[in-house]
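As structure tokens, the structure follows; a few thoughts come after it.
The values are calculated or read from the model by the stated rules, or taken from the named source; none is laboratory data. The model shown is predicted, which means the values in this text are computed figures rather than measured ones. Using ideal geometry, Cβ is built from the backbone for each residue, glycine included, and neighbour counts are taken over all protein chains shown.
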There are 2 protein chains.
Amino acid sequence: MRYSIDHKSPIPLHAQAETLLRQLIAEEEYQNGKIMPNEIELAKMLAISRSTLRQAINKLVFEGLLVRKKRMGTKVAQAGVSSKSNNWLSFSQEMKLRGITIRNFELHVTWAMPNAEVTRFFEIKPDKQVLKMERVRGKTDEPFVYFASYFHPRVGLTGDEDFKRPLYELLEHEHSVIATLSKEEISAMAADKFIADKLRVPIGSPILFRKRFVFDQGERPIEFNIGYYKADSFVYTVESTR
Amino acid sequence: MRYSIDHKSPIPLHAQAETLLRQLIAEEEYQNGKIMPNEIELAKMLAISRSTLRQAINKLVFEGLLVRKKRMGTKVAQAGVSSKSNNWLSFSQEMKLRGITIRNFELHVTWAMPNAEVTRFFEIKPDKQVLKMERVRGKTDEPFVYFASYFHPRVGLTGDEDFKRPLYELLEHEHSVIATLSKEEISAMAADKFIADKLRVPIGSPILFRKRFVFDQGERPIEFNIGYYKADSFVYTVESTR
DNA sequence: ATAGTTAATATGTATGTACATAATCACTTT
DNA sequence: AAAGTGATTATGTACATACATATTAACTAT
């Protein structure tokens, strides 16, 4: 048999089944609409229980990769979903695209105690110091964003790197860390004293607040970034399809 | 007991459990991080088996509403109100998912002259009237967003439709218009008199401003939507990979 | 005090069983 | 031929049970 499951492996059976199913899904015949082996048979083939197999199938159904229909069986969803291939650009690249030349008004790199959010995201102890980079950037005549980045110890930054280089290039080339996934949260808020000061605006001014959780290929956290943008200086664009 | 399950109902027990869980999630104490009753107890309380209950929990975990940790229990995921760019859901569906009941504070449908941005997007003559829908929505006790939507004449809306229904369902079922692509722009701004009034906030308050350009399958424009969200009431989340 | 050990707890994994339900196919009746 | 009827099939629902595992909290020994 081509696909099989290792009952002695520490990897849960349903997880193994899931990967096998993904391989099946990738096959051309199933892509073309062939119905997959039914649950009872498949369970027998893999020598796992139907319930366990269903755990795996369920996940893929949730993800939208498979569709099930009573009596009709299970097959690969015909959709061609995807919404991604979003722009993955560094800040300076993004700005360049808009014809804006960026200047660093401030650039500090320090070792700092992480706050609760950072420790939770990095899954480290609260007393473990992390590298923190702060910068204020903007057009030549006015600053319009304050950034703070925290880097996971795993990345291996010393603080002596040249942070004027594009960040993701630096991580990739000097530290073999490849950022592949980012989760962002965007909201609005009023400027407090600290931010008002950095961005040279009155306290209470509207600010676009952006949090970024950046992961590497293994979905391990590598960077936590927060950005405070002066209103009207920044527009966040997204494209999504269904 | 406040929550209970009807074993004789034709609705599957796990589905009933799911709605109950959503109600629980909506409760303030759980929003604030209180751990939910453990599976065994909860199953006993609802008089269903643990497996059935887990079916319901699994779904919510997958949706990202709950997080589970061994030994530590299950609690509501901290994120606030959010919008996932991938899932294509209507506003009310999104809110429902989070157990928030949405109230329409205002709902006006009128024929209006399009502004420059709308005529450009729709590629219509400036004197061609378009259907405009305005609404103020929010939690039962406070409004937190003002929306204005413009619909392309091609869609064929008359203005007599029931706009309390989920919008994309309405378009799809009654007018065979399927929204498949949306381009969004998100930025921050200060509330002007009009918005301050609608959202019951002081003039100058920070507002999250969101423009949406919605297209159908043929990439033809069908809706232009702008939304003004009270700060802190809305977090926009995006996931991107490369 | 500190380190190491152990118990308690809530979720995680896995199986076996039973019956329900939707959709189709084959068959029978009109 | 059309309509109805029943068998078949694969998924859907539901339960009871058992043991594994991660994590904290309490305890114990150094």
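Scanning segment B:42-69 for residues being near DNA strand C (Cβ under 9 Å from one of its atoms) and at pLDDT below 90 gives a total of 4.
Close Cβ contacts (under 7 Å, 6 or more residues apart or on different chains) running from residues in segment B:30-54 that are of a type outside the set (A, V, I, L, M, F, W, C) to residues that are part of a loop (DSSP other than H, G, I, E, B) comprise B:30/B:36. When restricted to residues that are of a type in the set (A, V, I, L, M, F, W, C) and not in a strand (DSSP E or B), segment B:228-237 contains 2. For the condition at pLDDT 90 or above and over 30 Å from residue A:212 (Cβ atoms), residue A:26 does not qualify.
The requirement of being farther than 30 Å from residue B:206 by Cβ, facing chain B (nearest Cβ under 10 Å) and in contact with a Phe, Trp or Tyr (Cβ under 9 Å, 6 or more places away or on another chain) is satisfied by residue A:178.
Within segment B:40-66, the set of residues being assigned to a loop (DSSP other than H, G, I, E, B) and over 13 Å from residue B:13 (Cβ atoms) comprises B:64, B:65. Here's a check for you: in segment A:1-39, which residue that is under 20 Å from residue A:50 (Cβ atoms), in contact with a strand residue (DSSP E or B) (Cβ under 7 Å, 6 or more places away or on another chain) and assigned to a loop (DSSP other than H, G, I, E, B) is nearest to DNA strand D (Cβ to nearest atom)? Selected residue: A:38. Is it the case, given these coordinates, that residue A:141 is outside any strand (DSSP E or B), within 14 Å of DNA strand C (Cβ to nearest atom), out of contact with any Ser or Thr (no Cβ under 7 Å at 6 or more places or on another chain) and modelled with pLDDT under 85? No; evaluated as a whole, the condition is false for this residue. Looking across segment A:124-156, the residues that are farther than 26 Å from residue A:189 by Cβ and loosely packed, with under 15 Cβ neighbours inside 10 Å come down to A:125, A:127, A:128, A:129, A:140, A:153, A:154, A:156.
Results for (1) surrounded by 15 or more Cβ atoms within 10 Å (Cβ to Cβ); (2) more than 8 Å from chain A (Cβ to nearest Cβ); (3) in a loop (DSSP other than H, G, I, E, B); (4) over 17 Å from the mean Cα position of the chain (by Cα), shown as yes or no for each residue.
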| position | (1), (2), (3), (4) |
| --- | --- |
| B:163 | yes, yes, yes, no |
| B:172 | no, yes, no, yes |
| B:182 | yes, no, no, no |
| B:196 | yes, yes, no, yes |
| B:202 | no, yes, yes, yes |
| B:210 | yes, yes, no, no |
| B:219 | no, yes, yes, yes |
| B:226 | yes, yes, no, no |
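Screening residue A:70 with (1) surrounded by fewer than 16 Cβ atoms within 10 Å (Cβ to Cβ); (2) away from DNA strand D (no atom under 12 Å from the Cβ) gives one miss only, at (2).
Scanning segment A:122-138 for residues that are more than 13 Å from residue A:154 (Cα to Cα), among the basic types (Lys, Arg) and in a loop (DSSP other than H, G, I, E, B) yields one hit, A:125. Considering segment B:7-41, the residues that are among the acidic types (Asp, Glu) and closer than 15 Å to residue B:76 by Cα include one that is nearest to DNA strand C (Cβ to nearest atom), namely B:39. Only one entry in A:119, A:74, A:101, A:110 is in a helix (DSSP H, G or I), at pLDDT 65 or above and hydroxyl-bearing (Ser, Thr, Tyr), namely A:119.
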